[in-house]
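Peer 1: My questions will all concern the structure given below.
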Amino acid sequence: MKKLNRNMMVADFIEAAFCLMMALALLVMYSGCSEDADSPINVGRGGTEEEQGIYALAGRVGDVYPKVMKLNRLDSASRNNDGHLDVAEGTVIAVYELSPLTLEPNGHVFLDTIDNGEGRFAFENILLGSPYVLIEIQDSCIAFDCQQRGVWGSSSYQTHIEIPCDYDALIAEDSSWAASLPSRCLVLDSTKYPVSLSAIIDVRNYQEPGSSKISINTLSYLKIPLLKKYFTEGMSFAAAGKKAEREILESFGIYEDLGEFENAENVNGELSYVLQMMVQIISLGDVFDLNLPMHLDEYYFKTSAIIAVLGSDMEQIYLNTIKLLDYEIGYYLQKNGVGRCTESRENEVYKILGYEHYSVVCHFGKWKPGRKKMEYSNGTMTDSRDGKTYKTVTYNWGDVTQTWMAENLNYNDTASSTTCWKGDSTCEIYGRYYTWRTAMDLDWSSIKMTSVTHKFVWDDIDSTYTDKWDTVAVEDMCLMKSYLEGERDSVKYAYCSVISPDGECVSRDTADNVYAYCSRTYNSGCRLDLPESVYQTKPVAHRGVCPDGWRIPNKEDWEILRQNIAAQGASLSDAYGSGFGYIAPMEVYVGGSSPFVVHAGAQSVSRYASVPSENDVDSVSLSVVLMNENVSIHTYMNITNAPVNALPFYVLNDKMFVRCIKN
């Protein structure tokens, strides 16, 4: 399987590179460039007189991709891999001397063979009468087990070949299904495809001690026709090269000068991301547009604190992925005619086509994931109980002003039940997880919960079952005690499931743990009676676990925030645009076809504590759910005397974050 995967991976790349070269050849055609030797050339305008000299040339052939973009053996990043796609050992490389007037070959050719597995080449003491040369690989398979060269995909050389299937890695632990697998596999054949990589350079730029090595890559290949066009129109070699590079990058939605395509040092920097994106664009085709929203979702809202806990290797992978996403957004918008983010377009929002919940916004010359920036003011507050300082955000909605904490509360009352999110041992990244009862700062003695329970009544005379519903008090062990810990207990809990008409137990059932017992006993829903102190103000203003002068937001607070955020075309999930500072808890997954993924964890919809309204005496609003675009308020509703209710027995132990609002 290892051999098969490698063939397929390399084949995908070569097919992508070939398609990309063909697609960007159109750029040459529309620019009016021609490499026909019989075409008229404006000789003498851009060229210089011949300059004879002895030169040395050294560099590397192959495309460079960002370093540390994936994991090695799924648990550590390989820092030895410099992200370079090399040509095969034995590849013939040629240096063609070019006319200083036309940049056409003048007949002087120097040949050598790459004798290493890294694609490196070196020419020493070559006599040139012109400072301009074309460096080109004659052929290369860039594949495992390189075979005969030919015209890939023609009638003589098919695009696919059959190879023996190697499933050793998959069936090492279980061979029972091996007999159903085919003995041969049809795979894309990249072994016969000649890859054309080349570059035109001014050799004088590579002669000084310490000067950069030459890089021969896909970008330098794409640059050649435009370079020759502008050079023969009268521009200097350097100016023609700059203009060609600028046009190529702008076709991908990139407006910065990323350095010469042939400069190895530059290609190992920002240009490596361009090369990586080019492969993805062509390999994905039209699916690229559909893939972009998925990337936005994975890498939308991270903070430096989140990244720091990933470890150096994972952090580098994440940062590289974010940078690649920036380039992909630029290309996507260029392709869809949106154009460049300029100063005059600051705060302009563009929604991703077909995905109303995904958008990008123009900020400081770059399109970034997010929404329109709202009007708000930032501040800080200090919790006098432990000295912790929190960011705040204030909104002026006209007749209403709200000041919220712009971070989740991280107050640790040792007497309360609180936890931290996985990978956030001090709760400094996401804040603290509180049970709803702890967030409300309610004592057990002030809370009462009843439940409508169900049993079957067995009538011996008629030999029939009938339903019986009773309203009973929920047992303490299903409220106060940790039923999650009870799940791991070996104690079994028995309960009566069938009674006789006179109330005697006819049949008993057994639950394997306390959670199963509580779930079966109180499966029909509960009613929670809160103390009158919760509703002593209208609208409800209950301090709960919040600092002095602040309180748990009620349903009206959240609704005011939601409506005004939506009215301004912003989103709470855009921390910069809204100022709210919302970040979803993230988990890191390593392995599979996408070896590095950072996304929302099991609680992909973050819940926040909320106080019920005064008209919710018979129900309780336990959480506020923050989605990407809005805030939705989820209420566990109690319906009096109904056999099935929406309030589960475990609601008091539900965990959620706390975001306080100022009184």
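A short reminder: the numbers here are calculations on the coordinates, not readings from a lab. These numbers were taken from a predicted model, which means no experiment stands behind them. Heads up, the Cβs are rebuilt from the backbone with ideal geometry, glycines too, and the neighbour counts pull from every protein chain shown.
Peer 1: Tell me, in nm to one decimal, what length is gained between Leu319 and Asn347 on full extension, where the rule is 0.36 nm per residue of separation less the Cα-Cα distance?
Peer 2: Taking Leu319 through Asn347 to full extension adds about 7.7 nm, to one decimal.
Peer 1: Here's another thing I want to ask about it. Cut-off is 10 Å between beta-carbons; in what order do Cys660, Cys546, Cys420 appear when sorted fewest neighbours first?
Peer 2: Cys420, Cys546, Cys660
Peer 1: Expressed in nm to one decimal, what extension gain is obtained for the pair Glu118 and Thr466 from 0.36 nm per residue of sequence separation less their Cα-Cα distance?
Peer 2: Full extension of this stretch gives 117.3 nm more.
Peer 1: At 7 Å along Cα-to-Cβ for each site, give me the label-to-label distance between Glu233 and His108 in nm.
Peer 2: Distance between label points: 2.9 nm.
Peer 1: Read phi for every residue in region 467-477 and hand back ³J(HN,Hα) as whole Hz from Karplus 6.51 cos²θ - 1.76 cosθ + 1.60, θ = phi - 60°, with x for Gly and Pro.
Peer 2: Coupling constants for region 467-477: 8, 10, 10, 10, 9, 10, 7, 6, 5, 4, 5 Hz.
Peer 1: If amide H atoms are built 1.01 Å from N in the plane of the peptide, which residues on other chains or at least 5 residues away come under 5 Å of the amide H of Tyr65?
Peer 2: Amide H neighbours of Tyr65: His84, Leu85.
Peer 1: In which sequence would Met277, Met480 go, from the one with the fewest C-beta neighbours within 10 Å to the one with the most?
Peer 2: If I rank by nearby Cβ atoms, fewest first, I get Met480, Met277.
Peer 1: All other residues with a Cβ under 14 Å from the Cβ of Ala439 taken together, and with Lys, Arg as +1 and Asp, Glu as -1, what is their net charge?
Peer 2: Its environment carries a net charge of +3.
Peer 1: Can I ask one more? If R0 is 56 Å, what FRET efficiency do you get for Asp386 and Asp202 from their C-beta distance, rounded to 0.05?
Peer 2: With R0 = 56 Å, the Cβ-Cβ based efficiency is 0.30.
Peer 1: Which order do peptides 446-456, 383-393 fall in by mean Cβ count within 10 Å, highest first?
Peer 2: 446-456, 383-393
Peer 1: Could you give the length gained by full extension between Ile54 and Asp476, i.e. 0.36 nm per residue of separation minus their alpha carbon distance, to one decimal place?
Peer 2: Using 0.36 nm per residue and subtracting the Cα-Cα distance, I get 142.7 nm.
Peer 1: May I ask you to evaluate 6.51 cos²θ - 1.76 cosθ + 1.60, the Karplus curve with θ = phi - 60°, for each residue of region 110-117 and list the ³J(HN,Hα) values in order in whole Hz, giving x for glycine and proline?
Peer 2: With coefficients 6.51, -1.76 and 1.60, one gets 10, 10, 7, 10, 6, 10, 9, x Hz.
Peer 1: Moving to a separate point now. Need one number: nm distance between label points at Lys448 and Glu375, each 7 Å from Cα along Cα→Cβ, rounded to one decimal.
Peer 2: 5.0
Peer 1: Check Ile201: other-chain or 5+ apart residues with amide H under 5 Å from its amide H, H built from backbone geometry?
Peer 2: Sorted by chain and number, the residues that satisfy this are Val133, Ile135.
Peer 1: For region 226-276, which trypsin sites (Lys or Arg not before Pro) pass both filters: DSSP loop (anything but H, G, I, E, B) and at most 11 other C-beta atoms within 10 Å?
Peer 2: Filter output for region 226-276: empty list.
Peer 1: Using a 10 Å cut-off around each Cβ, can you sort Asp574, Asp509 from fewest to most neighbouring Cβ atoms?
Peer 2: Arranged by neighbour count, lowest to highest, Asp574, Asp509 become Asp509, Asp574.
Peer 1: Structure shown: which of Lys422/Lys662; Lys388/Lys538; Lys323/Lys391; Lys448/Lys468; Lys373/Lys655; Lys323/Lys655 lie over 25 Å apart, alpha-carbon to alpha-carbon?
Peer 2: Going by Cα-Cα distance, Lys422/Lys662; Lys388/Lys538; Lys323/Lys391; Lys373/Lys655; Lys323/Lys655 fall outside the 25 Å limit.
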